[in-house]
Amino acid sequence: MKIGFLGLGQMGSGMAANLIKAGHVVTVYNRSPGKAGALTSQGATEAKNPGEAAAHADAVITMVAHDEALAALAFGPDGIIAHLPKGALHISSSTISVAFSEKLTKAHADAGQHFIAAPVFGRPDAAAAAKLFIVAAGAKADLDAAKPIFDAIGQRTFILGDHPRDANLIKLSGNFLIASVIEALGEAMALVTKGGVDPHAYLEMLTSTLFAAPVYKTYGGLIANKKFSPAGFAAPLGQKDIRLTLAAAETLGVPMPVASLLRDRFLTLIATGGAELDWSAVGSLAARDSGQQ
């Protein structure tokens, strides 16, 4: 397939590289310069703007930080929508708001194009290893067309809705759950550590018994080792996802008191110097609040 890939951060670079390895013809674009070199050396072509990346593509994939970044790629005279061929596909793998997903769905339909949402679960190492979990939603024909792309970047794809917004809501709910685990782990580990227990031994017990899920192993290890830099997923992005979760909850009339707590925890982390840290650093706040740091 001819694929335009827009957004070459830690996640996007790995995803684009795996599409090249799978034999797709890939054109890449990143808003800030200097990130395409490793991919062009593998066979990708670098575009000058989003429209150039989309102009001859069967599909474009976007992997950027937030609604505003995606809007800058999608709209305008040099944007995706102005140049993507009729009948071609835009796959949004970004974690965006439900409302913006609905806006993109309509804009592409009005332009005679197709749009699906396919956000991913996994950190940069999983993206590089093509081990992402993909949550996809949209029209069946569009999802079928995207299957070779999904197969190249992930280990499993879950089809969980007929409307793209469904995937975005699921992704936000998943990131809310991950943030909840980080906060709970941080509190529990602060408690036992202040009581004199080795946090690594405690984590080994937890993840070998009742809490063997990868999320506990990954984030528990980061908290126990205080390994919050370099960030695999920066704290402001975590704060953004919780904010979008609360916006969706307000629209749907669903109280989420834990999400409100998490919003404040992220704001505390960022306001006290943690903006450059991994979002798992939220798990360090309980230890800091208890006088251990």
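Kindly write out, for the range 32-43 in residue order, the coupling ³J(HN,Hα) from the Karplus curve 6.51 cos²θ - 1.76 cosθ + 1.60 (θ = phi - 60°), rounded to whole Hz, with x marking Gly and Pro.
8, x, x, 9, 8, x, 5, 7, 5, 5, 9, x
For the range 2-162, take every pair of Cα atoms, bin their distances at 10 Å starting from 0, and report each bin as a whole percent.
Reading upward from the zero bin: 12, 46, 37, 5.
Arrange the following residues from fewest to most other Cβ atoms within 10 Å of their Cβ: 19, 222. Don't jump to the answer; show the numbers that get you there.
Numbers: 19 23, 222 20.
Ordered by Cβ neighbours within 10 Å, fewest first: 222, 19.
Multiply the residue separation of residue 78 and residue 210 by 0.36 nm, subtract the distance between their alpha-carbon atoms, and state the gained length in nm to one decimal.
My answer for the length gained is 42.4 nm.
So how much slack lies between residue 271 and residue 201, counting 0.36 nm per residue of separation and subtracting their Cα-Cα distance, in nm? Before the final figure, lay out the partial values.
Numbers: separation 70, 0.36 × 70 = 25.20 nm, distance 3.18 nm.
Stretched out fully, the residue 271 to residue 201 stretch lengthens by 22.0 nm.
Fewest Cβ neighbours within 10 Å first, please rank 251, 95 accordingly. Let's see the in-between values first.
On the way: 251 11, 95 23.
Listed from fewest to most nearby Cβ atoms, that is 251, 95.
Using every pair of alpha-carbon atoms in the range 168-289, split the distances into 5 Å bins beginning at 0 and state the percent of pairs per bin, rounded to integers.
2, 12, 22, 23, 18, 14, 7, 2, 0, 0
Among 205, 15, which comes first, second and so on when ranked by fewest other beta-carbon atoms within 10 Å?
With the fewest neighbours first, 205, 15 line up as 205, 15.
Taking the Cβ-Cβ separation of residue 42 and residue 258 as r and a Förster radius of 35 Å, what is the calculated FRET efficiency to the nearest 0.05? Present the calculation step by step, with values, prior to reporting the outcome.
Details: r = 43 Å, r/R0 = 1.22.
The value I calculate is 0.25.
Taking every eigenvalue of the Cα gyration tensor of the range 54-141, multiplying by 5 and rooting it, what semi-axes result, largest first, whole Å?
Taking √(5λ) for each eigenvalue gives 22, 14, 13 Å, largest first.
Let me have the 222 nm mean residue ellipticity of the chain computed from DSSP H runs of 4+ only, each contributing -39500 (n - 2.57), with the sum over all residues rounded to the nearest 500.
The per-residue figure over the chain is -16000 deg cm²/dmol.
At 7 Å along the Cα-to-beta-carbon direction for both residue 131 and residue 2, put a label point, then send me their distance in nm to one decimal.
Simple spin-label model gives 3.5 nm for this pair.
Quick one: go through the range 183-212 and flag any residue whose amide nitrogen is under 16 Å from the point 7 Å out along the Cα-to-Cβ line of residue 290.
Label zone hits: 183-204, 206.
Over the chain, with a Gaussian network built from C-alpha contacts below 10 Å, which listed residue (27, 157, 245) shows the highest mean-square fluctuation?
157
Would you mind computing Rg(Cα) / (2.2 N^0.38 Å) for the chain, counting N as its residues?
1.04
Given Cβ point charges of +1 (Lys, Arg) and -1 (Asp, Glu) and nothing else, what value in debye, to the nearest 20, does the dipole of the chain about its Cα centre take?
Details: 24 positive and 24 negative charges, 59 e Å.
Approximately 280 debye in magnitude.
Values quoted throughout were computed directly from the atomic coordinates according to the rules given, and no laboratory measurement underlies them. Just so it is clear, the model here is predicted, and its values are computed rather than measured. Backbone-built Cβ (ideal geometry, glycine too); neighbour counts: all protein chains shown.
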